[in-house]
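Asks: Would you mind keeping the following structure in view while I ask a few things?
The values are calculated or read from the model by the stated rules, or taken from the named source; none is laboratory data. These figures come from a predicted structure and were not determined experimentally. Neighbour counts run over all protein chains shown; Cβ positions are idealised from the backbone, glycine included. The accessibility values were calculated without ligands, DNA or RNA, using every heavy atom of the protein model including side chains. Shrake-Rupley method; radii C 1.70, N 1.55, O 1.52, S 1.80 Å.
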Amino acid sequence: MMGFFQFGINSLAALMDIPMQPPVASSIAEGVDQLYLLLTGITLFFSVLIFSIIFYFMIKYRRRSEGEVPPETHSSLFLELAWTIIPSLMCVVLFVWSSSLYIRNARPPAASTEIFVIGKQWMWHIQHPEGPREINELHVPIGVPVKLTMTSQDVIHDFYIPAFRVKKDVLPGRYSSLWFQPTQTGTFHLFCAQYCGTNHSEMIGWVYVMTPTDYAAWLAGGEKTESMAQQGERLFSQFGCGSCHTPEAGGRAPSLVGLYGKPQKLQSGETRVVDEALIRQAILVPNTVRIGNFEPIMPTYQGQIDEEQMLQLIAYVKSLGSAERTNGQ
Amino acid sequence: MSTGQEIPAESGVNYLNANYGIKSWLLTFDHKRIGLLYLVSITIMFIVGGMAAVLMRLHLVEPQGALFEPETYNKMFSTHGIIMVFFFLVPSIPATLGNFLIPLMIGARDVAFPKLNLLSWYVFITGAALALFATLSGGVDTGWTFYPPYSSLYSHSNVTVVALGVFIAGFSSILTGLNFIVTIHKMRAPGMTWFRLPLFIWAMYATSLIFVLGTPVIAITVFLLGLERVLHVGIFDPSVGGDPLLFQHLFWFYSHPAVYIMILPGMGVVSELVTAFSRKKIFGYSFVAFSSLSIAVISFVVWGHHMFVTGQSIYAGLVFSVLSFLVAIPSAVKVFNWTATLYRGSISYQAPMLYALGFVGLFTIGGLTGLFLASLATDVHLNGTYFIVAHFHYVMVGGAVMAFMGGIHFWWPKITGRMYPDYWARIAAAIVFVGFNLTFFPQFILGYAGMPRRYAIYPAEFQVLNVMSSAGASILGIGYLIPLIYLTWSMRYGKPAGRNPWGAKGLEWTTLSPPPTENFEEIPIVTEDAYNYPVAGGTRV
Ligand code: HEM
Ligand SMILES: [Cu+2]
Ligand SMILES: [Cu+2]
């Protein structure tokens, strides 16, 4: 029934050249569409119900003479309870369905390909760990989970790919993340969905979903660039981090080897797992994440390191995580 | 009508002709005149906001934008939203019909604090004048939501002046709310117990509570915004040590309840209209009354549903989602009770009833589409798209504005003492209904198809739906213009209305039209429940 109905609507829309839904191009899109269809069904059912009852009453009980006085009807506790409880039960079903879908989609799988996004008025900077950068374009491989780590250089933006049914605010001063697994090759819209000033509607671009081989070729093509971690390593020495954070510095500062992802006990007593946010905080406002018995000598780099360099430094620190990559220390 | 009321002598002294001259209006303490002062002010605001809307829709006929630079378009939707929300819809029913009707409906001679009442109007027009001034002298481009850090440290438009206007207008809401609460507690006529109150009064009471409890929060919020913008105190922008989401929490803590400030009074009006035009007691009086109160209470704890995609924690998301579903239930209860009130009624279809039924239908759609947004998984896709625009217009325009129009048509004979041509009024109501749906229904589809809101230009595949929406907007515009004409006409040329032209229950219909300055010749004594039809005379069938 429902399917037939949808078929009817879709063919009509196709005739009139009206887009009824975005392409279904990610692993979660179908689930979201099913929930959407259920909600549409509920909306149609109740709207039709209310409209037809009203029309029926309008005709059946129209006033026939001026002096007419209708019979009394009495309120009914049964009805009141019925139309409180039935919608409540429906809401419970909707809540459970939508929330479980949401929870399932909320966390990226551990083995996701990472890509970094910086939003700024009015363009999207994309940076791949392997080095390539893009503006307002995002190339991704089909069939593998992709995790975006995003931040903004100025105001709040929002990264929105309708075909994947994903969207997340991109905020200044913090990292937000979003993930998806493309299921269809092709070119899809990328929009900014949080009003961000004059050219908000031009902060748009394209997502290219490619086969793994095409993607590998795309990464390898173009001019040769250093990886993000290599760029971070250069920054690390350029900003003098190495004068403290290396074994040669004689323990003035903690070693950063194997730091990423480990639970770190702070002087405040709190224990935090080291992630992008904590590294960022350590670099910008070091005195808020004091650890161990080190002298508070780390200078703040507020205003000296831009968002792109920050991501590269973080990539470098992360690259120190795996034991075999502790080169150069 | 055949209800056997005498027509008052044309020469009778009433609140309109008791004294003349501009001063007698600008310095009046009469709640009825103050209601009319508000009516004139918000009508002007509605016209300004409406013109911005029509221009926006014209612009969007073409994907590249037909009329303006993006910057101008942004100022247009900001002006439209700010004016429609803070300077039209929030004060609309409470400050006009509420002011006019509360004392009349509860059998009092005025509100509790008449001077405060006049003061609140002056406060309101000060705020409104500032906002209009800011719009004309360069405009504001932040949207009505004023999200920082854009609004605090990036926008080059007149944010501070507009924020000040909103701040000031807020005090007028607080004063009005206080006044109504005290009036309803203290000034009821003998025999007018709480459960004999018309449901319009219950709705006004719930609204006033939100005014008093919620408005201070928005006042503080825009004040903090001003501090950051003018003095660069770091509150919201992380580059100066602030928290960008703090503003959104504070803003929606007020602005979600404000959505109910806009809709609850409409629900109250519709309860009056549905009963009067079907000559029935409301079905489930106490359920309708308490659903208003529970909506007022729950509305304070659902603000996080505006922030599902900001990166708030999964748990916060779940809590706000379940609470948002909860607030849908009392709204559904009301719709069912209004519908059941029609059952075995004696239904007539003058213009106010058409608006009321239009309200029930459109509010049903508006409410049900809210479920899409309370559901986390679908909200992620729909948030920030035209689906949102469609949803809130169904609730605010299809709901609140329809009810406002219905209420104005219903009590117009009481307010002016004259009838308007019902024929034209019914045509206008039908045009509004058709135009509204044509304007906003396509926007649901646009939103699902992925078109973000606040876009001055858009990808070409969305054009057909946008053109439909714009066509609808011009029909809707005409639908709103017609009443302006015949209502103005009727003030002079309309048939005298008599005390009770609709044969409706309620104390306001027992006094003259227009009422004398002191409302009642004698304070009435109430001996029956609300909506105890029939009005004296008439026979049961
Ligand atoms: C004449 C009928 C109306 C039309 C054609 C209309 C049209 C529009 C359009 C095109 C937008 C901009 C959407 C966007 O770019 O995101 C908008 C936004 C809005 N409208 Fe209306 N509107 C109308 C009436 C109203 C009324 C009566 C109200 C309130 C009482 C209202 C409240 C709003 C609000 C709050 C916004 C959001 C502004 C923002 O995003 O900052 N509109 N409207
Ligand atoms: Cu944007
Ligand atoms: Cu809300």
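Asks: For segment B:140-168, give me each residue that is surrounded by 24 or more Cβ atoms within 10 Å (Cβ to Cβ), of a type outside the set (A, V, I, L, M, F, W, C) and not in a loop (DSSP other than H, G, I, E, B).
Replies: B:TYR150, B:SER151, B:SER152, B:GLY165
Asks: Another question, then. Step by step: first the residues of segment B:229-254, then only those that are assigned to a loop (DSSP other than H, G, I, E, B) and open to solvent by less than 50 Å² (accessible area, probe 1.4 Å), then the one that is farthest from ligand 3 (Cβ to nearest atom). Which residue is that?
Replies: It comes out as B:GLY234.
Asks: In addition: Among the residues that make up segment B:226-240, is at least one of them modelled with pLDDT under 90 and acidic (Asp, Glu)?
Replies: Yes, that holds for at least one residue.
Asks: Spot the failing condition for A:SER75; the list is (1) open to solvent by 30 Å² or more (accessible area, probe 1.4 Å); (2) more than 9 Å from chain B (Cβ to nearest Cβ), and only one is missed.
Replies: (2)
Each row is one residue, and each column tells you yes or no for (1) touching a residue at least 60 places away in the same chain (Cβ under 8 Å); (2) assigned to a helix (DSSP H, G or I); (3) touching a helix residue (DSSP H, G or I) at 6+ places or on another chain (Cβ under 9 Å).
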| site | (1), (2), (3) |
| --- | --- |
| B:MET468 | no, yes, yes |
| B:ILE475 | no, yes, yes |
| B:LEU481 | no, yes, yes |
| B:LEU487 | yes, yes, yes |
| B:MET491 | yes, yes, yes |
| B:ARG499 | yes, no, yes |
| B:TRP502 | yes, no, yes |
| B:LYS505 | yes, no, yes |
| B:SER513 | yes, no, yes |
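Asks: If you don't mind, there's one more thing I want to ask. Filtering segment B:169-178 down to residues that are open to solvent by less than 40 Å² (accessible area, probe 1.4 Å) and not polar (S, T, N, Q), which residue is farthest from B:ALA129 (Cα to Cα)?
Replies: My answer is B:GLY177.
Asks: Can you work out which of the residues in segment A:25-67 that are surrounded by 16 or more Cβ atoms within 10 Å (Cβ to Cβ) and among the β-branched types (Val, Ile, Thr) is nearest to A:SER98 (Cα to Cα)?
Replies: A:VAL32
Asks: Okay, next question. Kindly check whether there is at least one residue in segment A:149-156 that is within 10 Å of chain B (Cβ to nearest Cβ), part of a helix (DSSP H, G or I) and away from ligand 1 (no atom under 16 Å from the Cβ).
Replies: no
Asks: So in segment A:146-173, with the set limited to residues that are away from ligand 2 (no atom under 16 Å from the Cβ) and either small (Gly, Ala, Ser) or more than 13 Å from the chain's Cα centre (by Cα) (or both), which one is least open to solvent (accessible area, probe 1.4 Å)?
Replies: So, considering only residues that are away from ligand 2 (no atom under 16 Å from the Cβ) and either small (Gly, Ala, Ser) or more than 13 Å from the chain's Cα centre (by Cα) (or both), the one least open to solvent (accessible area, probe 1.4 Å) is A:ALA163.
Asks: Condition (residue is open to solvent by 10 Å² or more (accessible area, probe 1.4 Å), free of Cβ contacts under 8 Å to residues at least 40 places away in the same chain and not in a helix (DSSP H, G or I)) applied to segment B:96-115: is it met by at least one residue?
Replies: The answer is no; no qualifying residue exists.
Asks: Could you tell me which numbered condition B:GLY399 fails, if it satisfies all but one of (1) within 13 Å of ligand 1 (Cβ to nearest atom); (2) free of Cβ contacts under 8 Å to residues at least 40 places away in the same chain?
Replies: Every listed condition holds for B:GLY399 apart from (2).
Yes/no matrix, rows are residues, columns are (1) part of a loop (DSSP other than H, G, I, E, B); (2) in contact with a Cys (Cβ under 7 Å, 6 or more places away or on another chain); (3) more than 7 Å from chain B (Cβ to nearest Cβ):
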position	(1), (2), (3)
A:ILE50	no, no, no
A:ILE53	no, no, no
A:PHE57	no, no, no
A:SER65	yes, no, yes
A:PRO71	yes, no, no
A:GLU80	no, no, no
A:LEU89	no, no, yes
A:LEU94	no, no, no
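Asks: State whether the residues of segment A:118-126 include one that is outside any strand (DSSP E or B), more than 14 Å from every other protein chain (Cβ to nearest Cβ) and either within 16 Å of ligand 3 (Cβ to nearest atom) or open to solvent by 40 Å² or more (accessible area, probe 1.4 Å) (or both).
Replies: Within segment A:118-126, none of the residues are outside any strand (DSSP E or B), more than 14 Å from every other protein chain (Cβ to nearest Cβ) and either within 16 Å of ligand 3 (Cβ to nearest atom) or open to solvent by 40 Å² or more (accessible area, probe 1.4 Å) (or both).
Asks: So in segment A:199-216, with the set limited to residues that are assigned to a helix (DSSP H, G or I) and open to solvent by less than 60 Å² (accessible area, probe 1.4 Å), which one is farthest from ligand 2 (Cβ to nearest atom)? Let's see the steps before the verdict.
Replies: Residues of segment A:199-216 assigned to a helix (DSSP H, G or I): A:200-202, A:212-216.
With open to solvent by less than 60 Å² (accessible area, probe 1.4 Å) added as a condition, the list becomes A:200-201, A:215-216.
Working: A:HIS200: 4, A:SER201: 8, A:TYR215: 28, A:ALA216: 32 Å.
Among them, the one singled out is A:ALA216.
Asks: Which of the numbered conditions does B:PHE392 fail, given that it passes all the others? Conditions: (1) buried (at least 24 other Cβ atoms within 10 Å of the Cβ); (2) at pLDDT 95 or above; (3) away from ligand 2 (no atom under 16 Å from the Cβ).
Replies: All conditions are met except number (1).
Asks: Sticking with this one: Could you list, in sequence order, the residues of segment B:118-132 that are farther than 16 Å from B:MET84 by Cα and either modelled with pLDDT under 95 or touching a helix residue (DSSP H, G or I) at 6+ places or on another chain (Cβ under 7 Å) (or both)?
Replies: B:LEU118, B:LEU119, B:SER120, B:TRP121, B:VAL123, B:THR126, listed by residue number.
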